[in-house]
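One structure is given here, and the rest of the page talks about it.
The values are calculated or read from the model by the stated rules, or taken from the named source; none is laboratory data. This structure is a prediction, so every number in the text was calculated from the model and none was measured. In this analysis, Cβ positions are derived from the backbone assuming ideal geometry, glycine residues included, and neighbour counts consider all displayed protein chains. Please note that ligands, DNA and RNA were not included when accessible areas were found on the heavy atoms of the full protein model with its side chains. Shrake-Rupley method; radii C 1.70, N 1.55, O 1.52, S 1.80 Å.
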Amino acid sequence: MPPALIWLVFALGLAGAEALTGDMFLLMLSGGALSAAATSAVTGWPLWTDGAVFLVVSVLLLVLVRPALRRRLWSTADGETGVLALQGKAALVLDRVEQHGGRVKLNGEVWTARPLTDGDVFEPGEQVTVMHIDGATAVVGKIL
């Protein structure tokens, strides 16, 4: 079996294994193996040079391409997701918010709300800041 075909099978195997992990590490190694397959098919150099091409290309892909690819695929706009992303956002009071309840509009959704400080009362139309989320209730305070 020609070395180029062996490198190609190795590259496809690594790419298939990457589908199971999703870490982009094996995909970079697969790129190195694909480069070694191309070098082997085109040049006919000894096997150790194919290995050197695999090593150099894999390291370059891991160092230069993988970090940028991971940032692009797994980043969010502000780094926070879920209820943590709502902290610090402004909300509009819909129903009077006092110690025992109220409602606010936050990110286009209606949430039950209560003030951060027990004595605070917010009237409809006021802007408040979400301090944190407690279950399904937004705990709000004066706008910052």
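Residue-by-condition table, conditions (1) part of a helix (DSSP H, G or I); (2) farther than 30 Å from Trp74 by Cβ; (3) within 29 Å of the chain's Cα centre (by Cα); (4) of a type in the set (S, T, N, Q):
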site: Ala4; (1), (2), (3), (4): yes, yes, no, no
site: Leu14; (1), (2), (3), (4): yes, no, yes, no
site: Ala19; (1), (2), (3), (4): yes, no, yes, no
site: Ala36; (1), (2), (3), (4): yes, no, no, no
site: Asp50; (1), (2), (3), (4): yes, yes, no, no
Practice item. Return the pairs, sorted by first residue and then second, in which the second residue is open to solvent by less than 40 Å² (accessible area, probe 1.4 Å) and of a type in the set (Phe, Trp, Tyr), the first residue lies in region 82-111 and is assigned to a loop (DSSP other than H, G, I, E, B), the beta carbons are less than 8 Å apart, and the residues are 6+ apart or on different chains. Key: none
Check your understanding: Only one of Gly31, Gly44, Gly141, Gly102 is surrounded by 15 or more Cβ atoms within 10 Å (Cβ to Cβ) and closer than 30 Å to Gly13 by Cβ; which?
Key -> Gly31
Practice item. Check region 66-79 and report whether any residue there is of a type in the set (Val, Ile, Thr), outside any helix (DSSP H, G or I) and open to solvent by 40 Å² or more (accessible area, probe 1.4 Å). Key: yes
Practice item. Those residues that are among the β-branched types (Val, Ile, Thr) and more than 18 Å from Gly82 (Cβ to Cβ), I need them from region 111-128; list them, please. Key: Thr117, Val121, Val128
